[in-house]
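Novice: So that we are looking at the same thing, I have put the structure below in structure tokens.
The values are calculated or read from the model by the stated rules, or taken from the named source; none is laboratory data. On a predicted model such as this, the values are computed, not experimentally measured, just so you know. Every residue, glycine among them, receives a Cβ derived from its backbone with ideal geometry; neighbour counts consider all protein chains shown.
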Amino acid sequence: MHHAAGSHPLLVVVSVMAVLTAMCNVAIAVRLTATVFGWRTGVDDEGIEPAIESHAHDRWGSLLWLPAAGLVALQYVGGLVPPLWNSAFRRIEVNANDVAFADGLPWLWEPFLHPGVPLAMSVAAIVLGVALGCSSRWRGEVADLHDRIYPASYRLVLGRGHRAFHTFQTGRLRNYLVLMFSMLLLSISWAAWIDPSMLRLPDGVAPFESLTGLLLGAVVCAAAIALPLVTERVVRVMVLGASGFAVVGLYLVYQAPDLALTQLMFEIISVILFLLVLRLLPRLDRRPRISPAPRLVFAALIGITIGWMTLLAGHAAEQRNGDAASLGAFFEEHSLEGSELTNGRGGEGRNIVNVILVDFRGFDTLGEITVLATAALGVWSMLPGRRRHEDDQGDASGQATPVVEVGS
């Protein structure tokens with residue numbers, strides 16, 4: 001022990017902590033025994049004699065301590081009468097073949113015949129524990145510092161959480177979009193910092209193969225950049241429509257006339273609806289003009305980032321294994337005529353996209369039409385009510401208060 005402590009000074013600290021722990025265990029056992037058997041030490045919980053007995057303290061029932069007493073009794077039997085323990089439990093002892101258990105458990109007096117540091121530590125722990133258990137110290141309520149940790153943490157979570165909630169949950173869609181797009185921009189920037197190959201143009205991409213496509217793409221970008229710079233509502237609708245009609249031209253350039261026709265119909269209807277709705281909206285209040293430069297820079301960064309990721313995603317989709325089965329081959333094979341897989345029934349259409357929308361994805365298209373129709377009915381149902389409300393306000397304001405003239 002001395003040699004080990006000399007080579008490892010930390011063992012001294014561990015030994016002292018072991019003695020203190022054993023001392024506390026002995027003190028707990030002494031006070032628990034005194035409580036169970038009703039022994040009074042003449043000291044109450046506060047360290048003084050109670051002046052007035054307010055109510056009788058409950059005593060522990062025997063069924064609370066009898067199970068624990070049985071377990072403790074086994075330990076005392078093994079420590080005080082080792083032969084009895086050996087005869088009862090030696091056959092089921094896991095460490096029966098260990099060198100320490102070769103001759104069974106030692107007798108009680110064996111440590112006293114060979115005194116040493118372990119015996120001194122045990123005696124010190126027992127004596128100090130009995131003295132502490134019989135003393136009047138630490139019998140009252142102890143103000144533990146750790147009892148304040150949970151309430152303080154709870155108040156901190158409530159206070160900071162309330163502040164954080166009201167900082168981010170402002171109820172403004174613009175703030176939410178800025179936060180989400182900022183996180184998207186940071187995530188993609190972090191990924192590009194880890195893998196710089198994301199910033200290189202993919203192989204096989206020819207950005208200048210179609211000058212018409214470049215011009216139409218420039219129109220789309222110009223419309224998107226001009227949108228936050230315009231303040232008039234009607235002009236904004238026109239700028240948004242210009243972007244949509246440029247997309248129609250892109251569909252035509254890349255030989256997708258069916259998509260171009262669909263986009264054209266959508267743009268015409270949306271522009272007309274926007275203009276009709278703007279007639280029913282009140283005029284905007286004159287507010288202080290906010291500089292559009294930060295919004296323009298942020299929108300440009302987000303647009304360039306999303307456009308670049310779309311380019312990379314499209315290139316990755318083209319580079320995937322061509323032998324992998326996909327639904328495209330099935331749609332192409334069964335759009336006009338069927339096969340044994342479909343019992344000879346096909347889409348009976350030469351336009352694959354139309355067959356997909358009407359036949360293969362008919363229920364999906366029906367659901368989209370149902371959603372749009374429901375939204376249109378909701379808007380239509382609110383318009384007459386708004387007009388009646390405005391008419392009622394006009395009638396109320398038109399009724400003049402009668403003035404009674406009093407002649408002299």
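Novice: Out of all the residues in segment 130-150, is one or more touching a helix residue (DSSP H, G or I) at 6+ places or on another chain (Cβ under 7 Å), in a helix (DSSP H, G or I) and aliphatic (A, V, I, L, M)?
Specialist: Scanning segment 130-150 turns up at least one residue that is touching a helix residue (DSSP H, G or I) at 6+ places or on another chain (Cβ under 7 Å), in a helix (DSSP H, G or I) and aliphatic (A, V, I, L, M).
A quick yes/no check of all residues on (1) modelled with pLDDT under 75; (2) out of contact with any Gly (no Cβ under 7 Å at 6 or more places or on another chain); (3) over 30 Å from L179 (Cβ atoms); (4) assigned to a helix (DSSP H, G or I):
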position: L296; (1), (2), (3), (4): no, yes, no, yes
position: I302; (1), (2), (3), (4): no, yes, no, yes
position: G307; (1), (2), (3), (4): no, yes, no, yes
position: F363; (1), (2), (3), (4): no, yes, yes, yes
position: G367; (1), (2), (3), (4): no, yes, yes, yes
position: A375; (1), (2), (3), (4): no, yes, no, yes
position: S381; (1), (2), (3), (4): no, yes, yes, yes
position: R387; (1), (2), (3), (4): yes, yes, yes, yes
position: D391; (1), (2), (3), (4): yes, yes, yes, yes
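Novice: Which of (1) outside any helix (DSSP H, G or I); (2) at pLDDT 70 or above; (3) surrounded by 11 or more Cβ atoms within 10 Å (Cβ to Cβ) does M121 not meet, given it meets every other one?
Specialist: (1)
Novice: I need every pair where a residue in segment 176-199 that is aromatic (F, W, Y) has its Cβ under 9 Å from the Cβ of a residue that is not in a helix (DSSP H, G or I), sequence separation at least 6 or different chains.
Specialist: Listed pairs, sorted by first residue: Y176/Q169; Y176/T170.
Novice: Another question, then. Spot the failing condition for G204; the list is (1) assigned to a helix (DSSP H, G or I); (2) within 22 Å of A317 (Cα to Cα), and only one is missed.
Specialist: Just one mismatch for G204, condition (1).
Novice: Provide a single number: the residues in segment 189-201 that are surrounded by 10 or more Cβ atoms within 10 Å (Cβ to Cβ) and not in a helix (DSSP H, G or I).
Specialist: 1
Novice: Do we have Q255 as of a type in the set (S, T, N, Q) and surrounded by 11 or more Cβ atoms within 10 Å (Cβ to Cβ) here?
Specialist: Judged against the criteria, Q255 is not a match.
Novice: May I pose another question? Among residues belonging to segment 309-339 that are surrounded by 14 or more Cβ atoms within 10 Å (Cβ to Cβ) and closer than 27 Å to R350 by Cβ, point out the one that is modelled with the lowest pLDDT.
Specialist: Top of the filtered list is G338.
Novice: Being touching a Lys or Arg at 6+ places or on another chain (Cβ under 8 Å), farther than 30 Å from A27 by Cβ and either in a helix (DSSP H, G or I) or not aliphatic (A, V, I, L, M) (or both) is true for just one of L227, L186, L158, L216. Which residue is that?
Specialist: Only one candidate passes the filter, namely L227.
Novice: What tally of residues in segment 228-241 results from selecting those that are surrounded by 15 or more Cβ atoms within 10 Å (Cβ to Cβ), under 22 Å from F298 (Cβ atoms) and of a type in the set (A, V, I, L, M, F, W, C)?
Specialist: Of the residues in that region, 3 qualify.
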